[in-house]
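Mind having a look at this structure? Questions to follow.
The values are calculated or read from the model by the stated rules, or taken from the named source; none is laboratory data. The model shown is predicted, which means the values in this text are computed figures rather than measured ones. Note that we place each Cβ from the backbone using ideal geometry, even for glycine, and neighbour counts take in every protein chain shown. Accessible surface is based on the protein model in full, side chains and every heavy atom, while ligands, DNA and RNA are left aside. Shrake-Rupley method; radii C 1.70, N 1.55, O 1.52, S 1.80 Å.
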Amino acid sequence: MNAYLLPTSSSELSIKKNYALKARYTIGISRDDDLPVQVDDMIYLFQTTENALLPYQFTVSSINRDATTFVISVSKTYRNALLLDGLRPVWVIGQVGRLNPQPIQEWVNGQSPLHPIHLTSLQIGMLEQLLDISSFILSDSSPSSEAQAVIQKASQFFDRIAAQLQNMQQLTQQQHQENLTQNEALSHFANTFSDRALAVLFDIAKALSSQNETLSRLVATYEGTTPARLVQENEEPYQPVIEFEHEEPSALEDWPEDDVLDLVKTHIHERGFYFEDEQILNYHICLKTRPFVILSGLSGTGKSRLAQLYMEALGQGEKQFERLAVRPNWNDDRYLLGQLNTFTGEYLVEPALAFILEAIQHPSRLYSLCLDEMNLAHVEYYFSQFLSAMEEEQPAKRRIKLFTDQTFQQLQRSGKHPGVPAEIHLPANLLITGTINVDETTQPISDKVIDRANTIEFFHVDLDRLPTGPAPEASEQASEPLLVPQRIWQSYRATQPDPGYRPLIKEISALLQKAQLGLGYRTVREIELYLANSKGLLKPQDAFDLQCKQRILPRIRGGQNIESTLTNLSDLCKANGLSRTQQRLQEMKDRLKSDGYTTFWR
């Protein structure tokens, strides 16, 4: 199946008229070789008398080459028509997906035979997104001058972005420390140059508009126009473009990270809960290193409460924290992501997916998803797409499929709208925390999960710190926390690993390899990222000690064959002042002696 952009001057097909889905129209052709299309091919029509692309996708139903006609039917509707100048972004962004504007201009000027233009899948996606995001005012007579001005400004914007993308590597390297938000936004576009590229690009303009006066004016112009919905009133829009809210300046704009964390600790204590300062700092640093953290420990020690209080302390609202209780029957990802009803074409959205879509829609806010008792079911079964997506360093590449693009196209042809995109990505403003218990009702945690998360233990309970007053929920002494936007939180993150402990990591790896355990590249990088993110918050030795305990020890398990490995590791930790890791290794050795088998998990 191919797709073509065809010219037409027929008065029957106009941007001023509405066309129902599956409505059929007959188009004349001049001669056979002018029309390479076949039955079931997709057609986009450019109305040469109105200088606009019709806001519809057509499908070829039949061809009568003897009568030099073919019949097309409406298979998809879009929000707006697209003016001639509006096609410039399709070919202006780099060399990939270039659509030559010359034939279209010749169509308008009558200087060339009306040959069709074959479209690639990338070009189709770009056209579709333009048809959905271009908010033009269409009058009864002709497009207004205001609409023309909007698209000209948009074209200039696309030109600027195209020039920036040509030097993407230099640009992101230079801006990495200066402006993480802009760096991530441009990287997001560069790495998702696909059928959603133009929608993403417009989202970037909105995300950066508060920092750039030119972009701010452009976005204001777009949002100030009224979209012309050329669809029936009872039809849902093809696919809504995510609207980004305006981000107000924060009172914490110039606050150091440790001062913000002091507010976090104060808020938690005022709410009547007690966590050691190192636990709070450790949790914060783990989230900065990779936004997926596992909290393990005794039931009732406040594991899930820490995740909630942390978000409260950062000034995030109740809707920005979601706690889901994992059930033992979760055997695939439909319990998190929902599923498509192929009979009705509706997508059944589960709370986790709704929460992620909310986070995507509001990128200036932080969102936290807590999977409570996440190992009641096999984590690899229901969390597999998330684990695979987390392998990518850049949020734009952390893609999760809800259903195939082919299924999406089939639904569109039948006039059904699932209400969600075929694919989403895990946004940078989403933090994920999983709490686990280890007993006869839970499943073991595999290396695939351990490899992608820091594991923080909650086993030490200081009963002397237990409040004697009213329940924490009843306390009204807590002060109102200050809002910490996602942009400021991200500015605290370090993305360049700190290799200061690389020689010691090599020694540890050599000892593990003797027991056929070893360390992977990802584990080493995550340890060094943690060290980089802990600067100014923890002493380097304490930070490395925590990483040995949280990233290395969970991988160790076995019988008498690893006894010498445990002893050698314990001696190495003692010699280098890694007291936390040494103590945990001693506990593992004691368990090996009593049970004949040992593991990190209690």
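Report whether or not Trp489 is closer than 30 Å to Tyr367 by Cβ and assigned to a loop (DSSP other than H, G, I, E, B).
On the way: closer than 30 Å to Tyr367 by Cβ: yes; assigned to a loop (DSSP other than H, G, I, E, B): no.
No.
Considering (1) at pLDDT 95 or above; (2) under 28 Å from Thr442 (Cβ atoms); (3) open to solvent by 20 Å² or more (accessible area, probe 1.4 Å), say which one Tyr530 fails and leave the rest.
Of everything listed in (1) at pLDDT 95 or above; (2) under 28 Å from Thr442 (Cβ atoms); (3) open to solvent by 20 Å² or more (accessible area, probe 1.4 Å), Tyr530 misses just condition (3).
Another one. Does the range 374-395 hold any residues that are in contact with a Gly (Cβ under 9 Å, 6 or more places away or on another chain) and either of a type in the set (D, E, K, R) or within 16 Å of Leu295 (Cα to Cα) (or both), and which are they?
Result: Met374, Asn375, Val379.
Okay, moving on. Of Ile27, Ile15, which residue is at pLDDT below 85, of a type in the set (Val, Ile, Thr) and part of a loop (DSSP other than H, G, I, E, B)? Show your work before the answer.
Working: Ile27 fails: part of a loop (DSSP other than H, G, I, E, B).
Testing whether each residue is at pLDDT below 85, of a type in the set (Val, Ile, Thr) and part of a loop (DSSP other than H, G, I, E, B) leaves just Ile15.
Let me ask something else. Pick from Ser296, Ser304: which is of a type outside the set (Val, Ile, Thr), touching a Cys at 6+ places or on another chain (Cβ under 9 Å), under 28 Å from Gln385 (Cβ atoms) and modelled with pLDDT under 95?
Details: Ser296 fails: touching a Cys at 6+ places or on another chain (Cβ under 9 Å).
After applying the criteria, what remains is Ser304.
Scan the range 302-322 and give yes if some residue there is assigned to a loop (DSSP other than H, G, I, E, B), in the same structural domain as Glu423 (by the TED database) and of a type in the set (Lys, Arg), otherwise no.
First pass over the range 302-322, keeping only residues assigned to a loop (DSSP other than H, G, I, E, B): 302, 314-317.
From the residues that got through so far, the ones that are in the same structural domain as Glu423 (by the TED database) too are 302, 314-317.
Next cut, of a type in the set (Lys, Arg) only: none.
No, because not a single residue in the range 302-322 is assigned to a loop (DSSP other than H, G, I, E, B), in the same structural domain as Glu423 (by the TED database) and of a type in the set (Lys, Arg).
Then there's this: Can we say Glu358 is open to solvent by 10 Å² or more (accessible area, probe 1.4 Å), in a helix (DSSP H, G or I), among the acidic types (Asp, Glu) and in contact (Cβ under 8 Å) with a residue 24 or more places away in the chain?
Numbers: open to solvent by 10 Å² or more (accessible area, probe 1.4 Å): yes; in a helix (DSSP H, G or I): yes; among the acidic types (Asp, Glu): yes; in contact (Cβ under 8 Å) with a residue 24 or more places away in the chain: yes.
Yes.
Here is a list of conditions, (1) at pLDDT below 80; (2) surrounded by fewer than 20 Cβ atoms within 10 Å (Cβ to Cβ), and Ala81 meets all of them except one; can you say which number that is?
(2)
Could you tell me how many of the residues in the range 265-318 are open to solvent by 30 Å² or more (accessible area, probe 1.4 Å), hydrophobic (A, V, I, L, M, F, W, C) and touching a His at 6+ places or on another chain (Cβ under 9 Å)?
0
So, in the range 36-62, of the ones that are open to solvent by 10 Å² or more (accessible area, probe 1.4 Å) and among the β-branched types (Val, Ile, Thr), which residue ends up nearest to the chain's Cα centre (by Cα)?
Filtering the range 36-62 for residues open to solvent by 10 Å² or more (accessible area, probe 1.4 Å) gives 36, 38-40, 42, 48-51, 59, 61-62.
Narrowing further to those that are among the β-branched types (Val, Ile, Thr): 39, 48-49, 59.
Details: Val39: 38, Thr48: 40, Thr49: 42, Thr59: 33 Å.
Per the stated criteria, the residue is Thr59.
Tell me, yes or no, whether the range 392-402 has at least one residue that is among the hydrophobic types (A, V, I, L, M, F, W, C), closer than 24 Å to Thr77 by Cβ and not in a helix (DSSP H, G or I). Write out each step before concluding.
Kept after step one, since they are among the hydrophobic types (A, V, I, L, M, F, W, C), are these residues of the range 392-402: 396, 400, 402.
Adding the requirement that they be closer than 24 Å to Thr77 by Cβ leaves 402.
Checking which are not in a helix (DSSP H, G or I) leaves us with 402.
Within the range 392-402 (the criterion being among the hydrophobic types (A, V, I, L, M, F, W, C), closer than 24 Å to Thr77 by Cβ and not in a helix (DSSP H, G or I)), the answer is yes, since at least one residue qualifies.
Would a scan of the range 476-499 turn up a residue that is open to solvent by 10 Å² or more (accessible area, probe 1.4 Å), more than 24 Å from Ala543 (Cα to Cα), out of contact with any Asp or Glu (no Cβ under 8 Å at 6 or more places or on another chain) and at pLDDT 80 or above?
Among the residues of the range 476-499, at least one is open to solvent by 10 Å² or more (accessible area, probe 1.4 Å), more than 24 Å from Ala543 (Cα to Cα), out of contact with any Asp or Glu (no Cβ under 8 Å at 6 or more places or on another chain) and at pLDDT 80 or above, which makes the answer yes.
Let me ask something else. How many of the residues in the range 593-602 are more than 18 Å from Gly297 (Cα to Cα) and either open to solvent by 60 Å² or more (accessible area, probe 1.4 Å) or modelled with pLDDT of 95 or more (or both)? First the steps, then the outcome.
Taking the range 593-602 as the starting set, the residues that turn out to be more than 18 Å from Gly297 (Cα to Cα) are 593-597.
Now drop any that are not either open to solvent by 60 Å² or more (accessible area, probe 1.4 Å) or modelled with pLDDT of 95 or more (or both), which leaves 593-595, 597.
Here the count works out to 4.
What are the residues in the range 543-568 that are within 29 Å of the chain's Cα centre (by Cα) and among the charged types (D, E, K, R), if any?
Hits for the range 543-568 are Arg551, Arg555.
Oh, and also: Hey, any hits in the range 2-12 for a residue that's small (Gly, Ala, Ser), open to solvent by less than 10 Å² (accessible area, probe 1.4 Å), at negative phi and at pLDDT 80 or above?
Of the range 2-12, the ones small (Gly, Ala, Ser) are 3, 9-11.
In the following step, the residues that additionally are open to solvent by less than 10 Å² (accessible area, probe 1.4 Å) were identified as 3.
Then drop every residue that is not at negative phi, which leaves 3.
Subset that is at pLDDT 80 or above: 3.
Scanning the range 2-12 turns up at least one residue that is small (Gly, Ala, Ser), open to solvent by less than 10 Å² (accessible area, probe 1.4 Å), at negative phi and at pLDDT 80 or above.
Restricting attention to the range 386-444, and to residues there that are acidic (Asp, Glu) and touching a residue at least 12 places away in the same chain (Cβ under 8 Å), which single residue is nearest to Phe600 (Cα to Cα)? Don't jump to the end; show me each part of the working.
In the first step, residues of the range 386-444 are kept if they are acidic (Asp, Glu); the result is 391-393, 405, 423, 439-440.
Then keep just the ones that are touching a residue at least 12 places away in the same chain (Cβ under 8 Å); that gives 391, 405, 423.
Values: Glu391: 24, Asp405: 43, Glu423: 37 Å.
Within the range 386-444, the match that is nearest to Phe600 (Cα to Cα) is Glu391.
Condition first: in contact (Cβ under 8 Å) with a residue 40 or more places away in the chain, surrounded by 20 or more Cβ atoms within 10 Å (Cβ to Cβ), within 12 Å of the chain's Cα centre (by Cα) and assigned to a loop (DSSP other than H, G, I, E, B). Can you find one or more residues in the range 365-378 that meet it?
no
Then there's this: Looking at the range 274-295 only, could you name the residues that are under 17 Å from the mean Cα position of the chain (by Cα) and assigned to a helix (DSSP H, G or I)? Break it down into steps so the answer makes sense when it comes.
Quick first cut of the range 274-295, residues under 17 Å from the mean Cα position of the chain (by Cα) only: 287-292.
Within the range 274-295, Leu287, Lys288, Thr289 qualify.
Here is a further query. Please go through the range 550-563 and pick out each residue that is in contact (Cβ under 8 Å) with a residue 40 or more places away in the chain and on the phi < 0 side of the Ramachandran plot. I'd like the intermediate steps shown before the answer.
Taking the range 550-563 and keeping what is in contact (Cβ under 8 Å) with a residue 40 or more places away in the chain, we get 550-558, 561-562.
Residues satisfying the conditions are Gln550, Arg551, Ile552, Leu553, Pro554, Arg555, Ile556, Arg557, Asn561, Ile562.
What are the residues in the range 327-354 that are open to solvent by 10 Å² or more (accessible area, probe 1.4 Å) and part of a helix (DSSP H, G or I), if any?
Hits for the range 327-354 are Arg334, Tyr335, Pro351, Ala354.
Checking Val420 against (1) of a type in the set (A, V, I, L, M, F, W, C); (2) part of a helix (DSSP H, G or I); (3) closer than 30 Å to Asn2 by Cβ, only one condition comes out false. Which one?
Going through the list (1) of a type in the set (A, V, I, L, M, F, W, C); (2) part of a helix (DSSP H, G or I); (3) closer than 30 Å to Asn2 by Cβ, Val420 breaks only (2).
So which of Thr407, Thr433 ends up being among the polar types (S, T, N, Q), touching a strand residue (DSSP E or B) at 6+ places or on another chain (Cβ under 9 Å), surrounded by fewer than 21 Cβ atoms within 10 Å (Cβ to Cβ) and in the same structural domain as Ser304 (by the TED database)? Quick ask: steps written out before the conclusion?
Details: Thr433 fails: surrounded by fewer than 21 Cβ atoms within 10 Å (Cβ to Cβ).
Among Thr407, Thr433, only Thr407 is among the polar types (S, T, N, Q), touching a strand residue (DSSP E or B) at 6+ places or on another chain (Cβ under 9 Å), surrounded by fewer than 21 Cβ atoms within 10 Å (Cβ to Cβ) and in the same structural domain as Ser304 (by the TED database).
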